[in-house]
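Let me begin by presenting the structure, written as structure tokens, before commenting on it.
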Amino acid sequence: MTKINIERLMKNIESLGTIGENAQGGIDRALGSEADVLARRWLMEYWKERFHRETKVDAIANMWLHVENGEDRKAIVLGSHHDSVPNGGKYDGALGVLMATEVVETILEQNIKLKHPLTIVSFTGEEPNPYGISTLGSKALAGRIRKDQIRNYFHRDTLENLADGIQRLGGDIEMWEKIPGKEEIGSYLECHIEQGKRLEAMDLPVACVSVITGIYREQITVTGEANHAGTTMMECRKDALLGACEVALAVEAVLLELQDKDIVGTVGYIKNMPNEANIIPDQTTMILDVRISNEEKKLEMQHQINERVKAIEAKRGVRVHRSVILNQPAQPMSEVVIRAVSQGIRQTGLQPEQLISMAGHDASNVAAMADSGMIFVRSIDGKSHCKEEYSTPEDIEACANAMLRAVQILDEEMAE
Ligand SMILES: [Zn+2]
């Protein structure tokens with residue numbers, strides 16, 4: 001059975017992982033940073049050395065390495081992103097790009113013949129960044145952002161226009177029509193660290209992603225009455241902040257009652273007015289973020305929250321105004337890719353479990369234009385977006401070998 005070269009893959013992870021490394025041992029490799037430039041150079045040089053091919057940089061600065069095979073078919077695309085969150089880890093994104101690279105290297109070395117050409121991609125600006133737009137490269141690919149919108153974004157510190165930042169990275173938004181389209185990309189497979197503890201709980205190194213979670217956000221404003229913090233008796237208050245606290249706790253209770261490990265919710269933003277020690281708050285605004293993929297349960301959740309909010313309004317004499325600010329449905333992964341990944345996992349002797357991705361990924365955008373799927377590697381302690389982010393070489397090896405098989409199965413199963 002053909003196997004990938006884990007020593008080589010681990011060496012590349014360590015090597016790319018030094019680019020943007022800070023004094024605390026984390027990685028700073030945001031879109032447009034010097035480390036972004038250097039990571040791109042590292043990838044281009046490595047690809048040139050190993051594949052003897054030049055990297056193509058498209059209008060939004062996504063990097064593409066095409067390995068043609070003489071067949072006039074759509075490509076199987078493998079990849080992820082090379083940028084990082086501030087003080088992030090060396091696996092988020094980079095692992096996917098380097099695993100794609102390793103799988104393609106193995107296929108070429110072992111002379112494995114495929115019907116479809118292979119392409120490696122590293123997407124531009126997947127993570128939130130100082131320009132204020134995430135999954136930028138895959139949004140452009142999927143037509144979810146237009147050329148004329150790019151100039152609306154500026155770096156929050158340097159004030160550089162995003163179009164100029166893209167130019168520095170080798171892109172050129174004037175060449176927008178040259179971003180690869182549906183006619184070139186047949187399927188997309190992305191390896192990523194799980195960034196959670198589900199695989200640890202299942203005692204498995206890898207899993208196939210079935211769906212990328214939907215995201216539902218509400219802005220909730222609770223209005224009460226401002227008054228003197230000393231002279232107002234406890235029973236006479238209409239405290240907006242306490243109303244907001246009750247709403248947040250009610251949401252937690254509703255989510256727990258749904259008893260679904262794939263539903264999570266957070267109130268991570270809160271603004272309290274007038275926010276003074278000696279004034280009872282009269283207005284508190286918060287944002288609720290719920291990751292939920294099941295539409296029926298989403299309706300049930302909304303109904304339950306409505307009921308509880310009414311009760312809180314009556315009890316505290318406050319008014320609660322809620323508006324839905326994001327209602328992004330779940331993005332199912334392609335059946336053909338799910339089958340190939342599941343079989344690939346099985347062929348390496350592992351149980352092919354499926355997981356819902358609770359974080360967003362480039363694969364979600366790519367799904368708008370091609371068969372798209374993902375494979376997850378176990379994250380130790382579920383840690384990610386921090387320097388403690390880690391996956392073991394054994395798990396990474398199992399994942400890469402499953403991916404190698406998945407590519408060969410996909411090559412057989414793809415319609416075009
Ligand atoms: Zn990522």
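Going by the conditions given, is LEU162 among the aliphatic types (A, V, I, L, M), within 16 Å of the ligand (Cβ to nearest atom) and within 23 Å of ASP36 (Cα to Cα)?
Details: among the aliphatic types (A, V, I, L, M): yes; within 16 Å of the ligand (Cβ to nearest atom): no; within 23 Å of ASP36 (Cα to Cα): yes.
So LEU162 fails the test.
Would you mind stating whether ASN111 is out of contact with any helix residue (DSSP H, G or I) (no Cβ under 8 Å at 6 or more places or on another chain), in a loop (DSSP other than H, G, I, E, B) and under 19 Å from GLU184 (Cα atoms)? Walk me through how you get there before you give the answer.
Numbers: out of contact with any helix residue (DSSP H, G or I) (no Cβ under 8 Å at 6 or more places or on another chain): yes; in a loop (DSSP other than H, G, I, E, B): yes; under 19 Å from GLU184 (Cα atoms): no.
Spelling it out, it is not the case that ASN111 is out of contact with any helix residue (DSSP H, G or I) (no Cβ under 8 Å at 6 or more places or on another chain), in a loop (DSSP other than H, G, I, E, B) and under 19 Å from GLU184 (Cα atoms).
Looking for whichever is modelled with pLDDT of 95 or more, more than 23 Å from LYS139 (Cβ to Cβ), within 16 Å of the ligand (Cβ to nearest atom) and in contact with a strand residue (DSSP E or B) (Cβ under 6 Å, 6 or more places away or on another chain) here; the options are VAL341, VAL377. Which one fits? Break it down into steps so the answer makes sense when it comes.
Numbers: VAL341 fails: within 16 Å of the ligand (Cβ to nearest atom).
Checking each option against the conditions leaves just VAL377.
More than 16 Å from the ligand (Cβ to nearest atom) and out of contact with any Lys or Arg (no Cβ under 7 Å at 6 or more places or on another chain), is that true of GLY70?
Taking the combined requirement at face value, the residue satisfies it.
Taking the range 216-227 only, how many residues are buried (at least 17 other Cβ atoms within 10 Å of the Cβ) and of a type in the set (Asp, Glu)?
1
Within the range 102-122, track down each residue that is within 16 Å of the ligand (Cβ to nearest atom) and either over 20 Å from ALA367 (Cβ atoms) or hydroxyl-bearing (Ser, Thr, Tyr) (or both).
Scanning the range 102-122 gives a single hit, SER122.
Looking for something surrounded by fewer than 20 Cβ atoms within 10 Å (Cβ to Cβ), away from the ligand (no atom under 16 Å from the Cβ), small (Gly, Ala, Ser) and over 30 Å from ILE280 (Cβ atoms) - is there at least one such residue anywhere in the range 184-192?
Looking only at the range 184-192, we keep the residues that are surrounded by fewer than 20 Cβ atoms within 10 Å (Cβ to Cβ), and these are 184.
Checking the rest, the ones that are also away from the ligand (no atom under 16 Å from the Cβ) come to 184.
Now drop any that are not small (Gly, Ala, Ser), which leaves none.
Checked the range 184-192: no residue is surrounded by fewer than 20 Cβ atoms within 10 Å (Cβ to Cβ), away from the ligand (no atom under 16 Å from the Cβ), small (Gly, Ala, Ser) and over 30 Å from ILE280 (Cβ atoms).
Among the residues of the range 39-46, are any free of Cβ contacts under 8 Å to residues at least 60 places away in the same chain, assigned to a helix (DSSP H, G or I), within 16 Å of the ligand (Cβ to nearest atom) and of a type in the set (Gly, Ala, Ser)?
Yes, the range 39-46 contains a residue that is free of Cβ contacts under 8 Å to residues at least 60 places away in the same chain, assigned to a helix (DSSP H, G or I), within 16 Å of the ligand (Cβ to nearest atom) and of a type in the set (Gly, Ala, Ser).
Which one of the conditions (1) touching a strand residue (DSSP E or B) at 6+ places or on another chain (Cβ under 7 Å); (2) more than 13 Å from the ligand (Cβ to nearest atom); (3) in a helix (DSSP H, G or I) does SER138 fail to meet, given that it meets all the rest?
Looking at each condition in turn, SER138 falls short on (2).
Go through the range 228-257 and give me each residue that's surrounded by fewer than 17 Cβ atoms within 10 Å (Cβ to Cβ), touching a residue at least 24 places away in the same chain (Cβ under 8 Å) and either in contact with a Lys or Arg (Cβ under 8 Å, 6 or more places away or on another chain) or not in a helix (DSSP H, G or I) (or both).
HIS228, ALA229, GLY230, THR232, ALA253
Going by the structure shown, is GLU102 within 23 Å of the chain's Cα centre (by Cα) and part of a loop (DSSP other than H, G, I, E, B)? First the steps, then the outcome.
Working: within 23 Å of the chain's Cα centre (by Cα): yes; part of a loop (DSSP other than H, G, I, E, B): no.
For GLU102, the condition - within 23 Å of the chain's Cα centre (by Cα) and part of a loop (DSSP other than H, G, I, E, B) - is not met.
The values are calculated or read from the model by the stated rules, or taken from the named source; none is laboratory data. Keep in mind the model is a prediction, meaning the values are calculated, not measured. Counting neighbours? That spans all protein chains shown, and the Cβs are built from the backbone with ideal geometry, glycine included.
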